[in-house]
1. In region A:101-128, what count of residues is obtained for those that are within 16 Å of the chain's Cα centre (by Cα), at the interface with chain C (Cβ under 10 Å from one of its Cβ atoms) and over 26 Å from residue C:183 (Cβ atoms)?
2. Do the conditions hold for residue B:33, that is, is it in a strand (DSSP E or B), among the hydroxyl-bearing types (Ser, Thr, Tyr) and farther than 25 Å from residue B:143 by Cα?
3. Given the conditions (1) facing chain C (nearest Cβ under 7 Å); (2) charged (D, E, K, R); (3) farther than 30 Å from residue C:295 by Cα, which single one is not true for residue A:84?
4. How many residues are more than 27 Å from residue C:235 (Cβ to Cβ) and crowded, with 16+ Cβ neighbours inside 10 Å when one looks only at region C:148-172?
5. One residue is enough: does region A:74-81 have a residue meeting the conditions of a type in the set (A, V, I, L, M, F, W, C) and more than 10 Å from every other protein chain (Cβ to nearest Cβ)?
6. In this structure, does residue B:121 turn out to be at pLDDT 95 or above, within 14 Å of another protein chain (Cβ to nearest Cβ) and closer than 30 Å to residue A:118 by Cβ?
7. Is it true that residue B:190 is among the aliphatic types (A, V, I, L, M), more than 14 Å from chain C (Cβ to nearest Cβ), farther than 27 Å from residue C:29 by Cβ and surrounded by 17 or more Cβ atoms within 10 Å (Cβ to Cβ)?
8. If you take just the helices (runs of 4 or more DSSP H) that sit entirely in region C:62-144, which of them hold at least 2 residues that are within 14 Å of chain A (Cβ to nearest Cβ)?
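The values are calculated or read from the model by the stated rules, or taken from the named source; none is laboratory data. As the structure is a computational prediction, the values presented were derived from the model and not from experiment. Cβ placement follows ideal geometry from the backbone for every residue including glycine, while neighbour counts extend to all protein chains displayed.
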Amino acid sequence: MAKKMIISSENEEFVCKVSELSGEQVTLCEQCGTCSGGCPVVGEMDVTPSQMMKMAQLGLKDVLDVKTIWVCASCYTCTIRCPRGLDVSKVAEALRQIILRQAIDHIDIKAIPKEELEQLPQIAMVSACRKFTG
Amino acid sequence: MEETKSPIMDRIAEANKSATTGIDSKDIKEWITIYIMGRGYKVPADLTVLTAMEYAGYKFVRSVGCRQGFCGACATVFRKKGDYKLQADMACQTRAEDGMYLVQIPFTPAEKASYDLTKEDYSPSVLIKYYPEVARCVSCNTCTKACPQDLEVMDYVQAALRGDFEALARDSFDCIQCGLCAMRCPAEIVQYHVGQLGRRLYGRNGLGAPKHLEKRVEEIQNGQFKKALDTVISCSDEELRKKYTAREIEPE
Amino acid sequence: MSAHEDFKLLTDGMKVPYFPGCTLKTTARNFEESALASARALGIEMVELPRWNCCGTVFSLSADDLIHHVASVRNLIRVQEMNKQGLVNENHRLVTLCSMCFNTLKRSNLRVKENAEDMKKINDLMYREEDYQGHVEVVHFIELIRDLGFGKVKRAVKKSLTELKVAPYYGCMILRPKEVSIDDPEAPTIMHEMLQALGTEVISTPYNKVCCGSYQTVQEKSTVVELAHEILTHAQKAGAEAMATTCPLCAFNLDNRQKEIVEKYPGFKKMPIFYITQLMAIAFDLDKKFYGFEQNFVDPKPLLKAKNLLKQ
């Protein structure tokens, strides 16, 4: 069933915000699906990277509620394969940052079980903190 | 220079002057103005921030301690006139300057982790276990800039991150736990708590037992000091007083 | 001076600035020790950066973010200082072992080199440090070895790893994005060549450059378990008996997480994960104190023993 959407100035503002923060012109995405095809964690996502780009293009703030941006492992496969040269990983980061910069952390480091903290190498803790805390 | 227009403050200053400077206000040659929480006060130059605030009439019930730069109680955040840089230091160790804007930070809220040293491995992961926020350090060096003891705080946090207990203990040794680093840290690390856990672990596991202490304990257990102690214990008040006044203060 | 010209002047005991990264001092000590010893065997002395700090592990991808590049740039300033202090001789090529550190340091370096205003802001923020001049180059250890020539590696081999079937695991950080890649991101061969020089039978699998899950290992272990399972079983199907990596996070996800893989896939056969430098140390027949197998989760000794490669 077709869904009717009205693009308002609020949507336009959001598109601009995402483009500025990521440094990528999200409107250039032609929805080819290559990023989704190469993404190693797409199976864990609720929307594919292409769908995430589409939502960003339309300026839909719902994209901030998706699981996708938190499943991303920043592997840059999408980055090297996009035929338009868009860095999809930067768009995902921008969406994460919009939330994190509101002081809304994605993980609670104090809730990580102590047995886990004893095993995890620093490289894992530092990168998780950088990606999931503000 | 802005003059204060408060006769009340002047009178309080008068009343306090003997407690702080011990000199008559007419003998004061140079006056400066300092701003305490936004309000201007005329105080004699060349006082420490602590005594200048007392001259202005503040009575410290918190944020004061040894007055010698050692206890870490009088943490003060300030800006100097015409300087955008935010600075921090101990009120008892800093000279009050004209145009200084200052405020006390008597306490830094911070939860200290609960641990039992006897049950912990001597492993770098122990520091991350109790203070996982150490992994958020971005090496911005704000903590080092805030430290009134001129410690390399960032360096010791980095040492904690990579499990270098010796460097952590060495570089955090003179920490007076004033909390200024933790107040300014953008990653919300409580540096002094991390330092303390690190020093405790290092002292217990890294340094090994102090040989001279072990030797002395052995000597005591062997009764080497029994005779001398018994002599003192068996003295009357009179004898004790005589012995005390006649004690050798410095060898000739 | 180009990389090749640098190495024409290579003499024994050539000193290079070396950035370890936090994990190489703790859970991946075996990576560092085997690497430093192997480098020495090839005539390279890796001189640790004085007063280095954590690089941040990940490159901050936001266009306006500067604070998260400070950590990297501070390390690049240390390279400048090292040269001034004479710890290395006019060498501004910073070598890293950890793939993630490599990626972060190199990208931050490019970021400030390409944007003079950002460089100035970062230098101004770090007013207690000398200014970063922008002349440092970040290279990965295996790039250094490639420049040296894999022929030299081959000549240093005393115990060819002939019977050992090893699949190189590239991971993400040394291949992507293109501006930092040390090889063709879609068809890399550098680790293949290195392993060939050591004498192993090199096993290829298309999964050798699929992400291991990276930092998801903290909160979403199941993601890592799935990815690691795919990567490892594909390698095993292609005939691999072990894997070689250059990243301590990949090593953790592929090695330590085998515990969780077995819990979910009881039929899974555990496989040892080596740091490529551990294989170098074995092939160069170095003292076994440099192997560090006690830090490998899946014990490689049974496999090595079966191949007559275990030093007694």
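1. 4
2. Working: in a strand (DSSP E or B): yes; among the hydroxyl-bearing types (Ser, Thr, Tyr): yes; farther than 25 Å from residue B:143 by Cα: yes.
Yes: the conditions hold for residue B:33.
3. Looking at each condition in turn, residue A:84 falls short on (1).
4. 1
5. Residues of region A:74-81 that are of a type in the set (A, V, I, L, M, F, W, C), as a first pass: A:75, A:78, A:80.
After this cut, where a residue has to be more than 10 Å from every other protein chain (Cβ to nearest Cβ) as well, the list is none.
Scanning region A:74-81 turns up no residue that is of a type in the set (A, V, I, L, M, F, W, C) and more than 10 Å from every other protein chain (Cβ to nearest Cβ).
6. Details: at pLDDT 95 or above: no; within 14 Å of another protein chain (Cβ to nearest Cβ): yes; closer than 30 Å to residue A:118 by Cβ: yes.
Judged against the criteria, residue B:121 is not a match.
7. Values: among the aliphatic types (A, V, I, L, M): yes; more than 14 Å from chain C (Cβ to nearest Cβ): yes; farther than 27 Å from residue C:29 by Cβ: yes; surrounded by 17 or more Cβ atoms within 10 Å (Cβ to Cβ): yes.
Criteria met by residue B:190.
8. Working: elements: C:67-84, C:99-114, C:116-125.
Qualifying helices (runs of 4 or more DSSP H): C:67-84, C:99-114.
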